[in-house]
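The values are calculated or read from the model by the stated rules, or taken from the named source; none is laboratory data. A quick note: this is a predicted structure, and the numbers were derived from the prediction, not measured. When we count neighbours, we look across all protein chains shown, and the Cβ atoms used for this are built from the backbone with ideal geometry, even at glycine.
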Amino acid sequence: MKTPFGLGVIFLNVLADQLGLPVPAVPTLVVAGAMAADGRLPGSQVFTLAVAACLLGDLAWYGAGRIFGNRVMKFLCRVSLTPDSCVNQTQSSFERWGSGVLIVAKFVPGLALVAPPLAGATRMGAVRFALYSALGGMLWVGAAMFGGLLLKPQIDRLLPRLAGLGSTLVVLILVALAAWILWKWWERRRFNRALDMARISVGELHEDLGAAAPPVILDVRSGTAQSLERRRIPGAVHVPLAEVGTHLARLPRDRDIILYCACPNEASAAKAAKLLMAHGFTRVRPLRGGLDAWIAAGYDVEQVATGAPPSPPASRAAA
């Protein structure tokens, strides 16, 4: 049976997938695995080229992160079709598992694309990055091709039917791809709607800081994000999004609480605000534009001190 694609197509498909284009490579690798099982494709060459494409794509993003730092992660979060791939989640994964997370990153939607530039931005060594990336690529490609081996009988029955469709198959693939992109766009829209709430502007916050009872400001960026941008709003308390739930008893209910992050649409700050509101806090608002808007407005900032962050202030009732 004639193969539906060659080695060059496999390489380009995997490379495009790793660069973030909406052209999933797993179906191609699964079919290639099935065809390599009986010699219709050279299995070792398929595996080698696919892993090389993974490594090439990862190195491109690693270099972008190394050169542009946190800006490239903000860009990815802004244009991503997957809301959960926001940089904060990836940074938290790095903090929990270390650089070894690169080995399994390709199996996690969102993490696969954001992890390489984050590794570059955090100045992970190039040799260590390439090693982890190659190991991750081998696991990912190997798993997909092994899946094709297991599904070989079903794939062998399906391919002749697909081949007979000719140009109709191309149209069906394009329609399916458009439907997938539309679905992801709708998920992102629904995600942003879920985080829609009243925000405070940087001008309003600047005025409120001069009041007799100024608001409590929570910096909900991850530790990694704070290390990439060492500036913060004066007096802000660092409570990463993942730890907000553990500080509920120490947060005041009789003062305004303003939360900020450094991600598009204030996603992390809005998530933290939703959590606080679910626990009965009523005077909670995210900062519109986050830290970037505060800095752009020219207001004072302070450098993040080394060592443990101060504890959140307790309410007057608790005191």
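Screening segment 230-253 for residues that are more than 26 Å from the chain's Cα centre (by Cα) and in a helix (DSSP H, G or I) and picking the one that is nearest to residue 92 (Cα to Cα) gives 248.
Close contacts from segment 125-145, counting a first residue that is in the same structural domain as residue 60 (by TED's automatic domain parsing) and a second that is surrounded by 22 or more Cβ atoms within 10 Å (Cβ to Cβ) and outside any helix (DSSP H, G or I), with Cβ to Cβ under 8 Å and a gap of 6+ residues or different chains, come to 144/25. The number of residues in segment 5-44 being among the charged types (D, E, K, R) and surrounded by 22 or more Cβ atoms within 10 Å (Cβ to Cβ) comes to 1.
Against the conditions (1) at pLDDT 90 or above; (2) buried (at least 22 other Cβ atoms within 10 Å of the Cβ), residue 256 satisfies every one except (2). Out of everything in segment 52-77 that is in contact (Cβ under 8 Å) with a residue 12 or more places away in the chain and of a type in the set (Lys, Arg), what residue ends up being farthest from residue 92 (Cα to Cα)? Across segment 52-77, the extreme among qualifying residues is 66. Say whether the condition of being within 29 Å of residue 63 (Cα to Cα), modelled with pLDDT under 80 and surrounded by fewer than 18 Cβ atoms within 10 Å (Cβ to Cβ) is met by at least one residue in segment 100-120. Yes: segment 100-120 contains one or more residues that are within 29 Å of residue 63 (Cα to Cα), modelled with pLDDT under 80 and surrounded by fewer than 18 Cβ atoms within 10 Å (Cβ to Cβ).
Which of the residues spanning segment 217-236 are surrounded by fewer than 20 Cβ atoms within 10 Å (Cβ to Cβ) and at pLDDT 90 or above? Matches in segment 217-236: 231, 234, 235. Criterion applied to 71, 78, 96 was being in contact with a helix residue (DSSP H, G or I) (Cβ under 8 Å, 6 or more places away or on another chain) and modelled with pLDDT under 85, and the one residue passing it is 78.
Can you find a residue in segment 29-40 that is over 22 Å from residue 61 (Cβ atoms) and in contact with a Ser or Thr (Cβ under 7 Å, 6 or more places away or on another chain)? Yes - at least one qualifying residue is present in segment 29-40.
When 278, 267 are screened for being hydrophobic (A, V, I, L, M, F, W, C) and surrounded by 21 or more Cβ atoms within 10 Å (Cβ to Cβ), only 267 passes.
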